1. When you check TYR326 against the structure, is it touching a Leu at 6+ places or on another chain (Cβ under 6 Å) and either touching a residue at least 24 places away in the same chain (Cβ under 8 Å) or in a helix (DSSP H, G or I) (or both), yes or no?
2. Every residue in segment 58-77 that is open to solvent by less than 90 Å² (accessible area, probe 1.4 Å) and touching a Phe, Trp or Tyr at 6+ places or on another chain (Cβ under 9 Å), please.
3. Quick one: TRP145 ticks every box in (1) part of a helix (DSSP H, G or I); (2) over 15 Å from the mean Cα position of the chain (by Cα) except a single one, so which number is it?
4. Checking LYS15 against (1) of a type outside the set (Val, Ile, Thr); (2) loosely packed, with under 11 Cβ neighbours inside 10 Å; (3) in contact with a His (Cβ under 9 Å, 6 or more places away or on another chain): exactly one of these is not met. Which one?
5. Right, ASN295: open to solvent by 40 Å² or more (accessible area, probe 1.4 Å), more than 19 Å from CYS237 (Cα to Cα) and at pLDDT below 90 or not?
6. With assigned to a helix (DSSP H, G or I) and not hydroxyl-bearing (Ser, Thr, Tyr) as the only criterion, which of ASN129, ASN135, ASN153 stands out?
7. Residues that are under 19 Å from LYS313 (Cα atoms) and of a type in the set (Asp, Glu): find the helices (runs of 4 or more DSSP H) completely inside segment 158-251 holding 1 or more of those.
Amino acid sequence: MVTVSTTLVPSEAKKRKGQKWVKFYINSPNWTKTKRPTHTDITFWNRADTPEKKSHNERSKKLVAKLTKEYEELYKGAEYQNGSQGQITLIAQLEEMIDLKKDKSSSAVNGYNNLLKAMKRFCKDKGYNIKMDVNRVNIEFVDKWRLWLTTENAYKSSTSRKYFGLLGTTLKQAKKYGRLYNNPYDGDVEYPKDDDTERVYLTPDEVFALQNTPTKYDVMKNAFLFMCYTGIRQGDCTKLTWGDLPVNGDGDITINVRTQKAKTKIFFKIRKGARKFLPERKGDADLIFPIKFDNPVNKNLRYWALEAGIKEKHITAHTARHTFAYFMLSENNTSLYIVSKLLGHKKVSTTEDNYGHLSNENIEDAMQMAFGE
């Protein structure tokens, strides 16, 4: 167990003659060295023989009690950590997370880059030093972070929840490396609410309209429609190579990829409806759709949708994935389990949370099939 104690050191400053300042001693059974933070700004009179001096000592006493609690909270759990591990600042830990994600998807790297930008703004707004020891991130800091994300900024609820969760992952990594003694996210932390916003999808008639609407951006058009017919994420689609689409002896094309986000395997036959959007086959290492769905491309995507008569829906590249889920669940009554496999979700619950409302699986029909009338 961590112990926090204090001692009073006589002040050598002339203006503080007759006073003593506070030195803390913080120790843990597994530390080789005691931490000794000093607070020369907190002083006590040796002889509190006036009402003013007595009042001064009372205020200092309350400050010491407050700091003692803060240090106990800061180093809570230190006895379970390796005391020889070096500490790290909050900004350095956030920057390290960006480096750790470089072998993951670009969206993961962008997520942590955006988290760092938001954290810099938060610390500036709330008077925190982003170069502080990561151990100073306590439950009060986390609560203020959540409120700042949800009430003081124009972030969407999903973005607020994402940034809030990414900080938790960052702190979890710091604790794993022995740099953080107590992760406030280990407790009962309140997350920002995730509003049930409607997911935009296209109907079969709208997809057909897009197919018949010309655009000078053929790669964008073919990639989007291919995703509508396969359900793969835009990040996986834009990194798809011909080696990921092997051809068997019967001439069938299969998709065989490991998803970047969930790290799950997707393997199924590409149907004729999707095959017509594939360009001429090249080498195994060549990209099939050399494009990135950034803001300019998404603007072109929306303009193309307007030309096709789709005016009431805000179309993005991810709309294609929602459209695939809609086709499978609402139009074809496919089970959530099968759809989860096709989408590359690790858990069926993810598919149910995102698309369960689209399912047309009939409970009465299922009961009748199992048990009869």
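1. Values: touching a Leu at 6+ places or on another chain (Cβ under 6 Å): yes; either touching a residue at least 24 places away in the same chain (Cβ under 8 Å) or in a helix (DSSP H, G or I) (or both): yes.
It is true that TYR326 is touching a Leu at 6+ places or on another chain (Cβ under 6 Å) and either touching a residue at least 24 places away in the same chain (Cβ under 8 Å) or in a helix (DSSP H, G or I) (or both).
2. Once the filter is applied, which keeps residues that are open to solvent by less than 90 Å² (accessible area, probe 1.4 Å) and touching a Phe, Trp or Tyr at 6+ places or on another chain (Cβ under 9 Å), segment 58-77 yields SER60, VAL64, LEU67, THR68, TYR71, LEU74, TYR75, GLY77.
3. Failing condition for TRP145: (2).
4. Result: LYS15 passes all but (3).
5. On the way: open to solvent by 40 Å² or more (accessible area, probe 1.4 Å): yes; more than 19 Å from CYS237 (Cα to Cα): no; at pLDDT below 90: yes.
No; evaluated as a whole, the condition is false for this residue.
6. Values: ASN129 fails: assigned to a helix (DSSP H, G or I); ASN153 fails: assigned to a helix (DSSP H, G or I).
Exactly one residue qualifies, and that residue is ASN135.
7. Working: elements: 204-211, 218-230, 234-238.
Per the criteria, 204-211.
Yes or no, residue by residue, for (1) touching a residue at least 12 places away in the same chain (Cβ under 8 Å); (2) surrounded by fewer than 15 Cβ atoms within 10 Å (Cβ to Cβ); (3) not hydrophobic (A, V, I, L, M, F, W, C):
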position	(1), (2), (3)
VAL207	yes, no, no
LEU210	yes, no, no
PHE226	yes, no, no
GLY243	yes, yes, yes
ILE255	yes, no, no
ARG258	no, yes, yes
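The values are calculated or read from the model by the stated rules, or taken from the named source; none is laboratory data. Small disclaimer: the values here were computed from a predicted structure and weren't measured. Because the Cβ atoms are built from the backbone with ideal geometry, glycine has one as well, and the counts that use them run over all protein chains shown. These area figures cover heavy atoms from the full protein model, side chains too; ligands, DNA and RNA do not enter into them. Shrake-Rupley method; radii C 1.70, N 1.55, O 1.52, S 1.80 Å.
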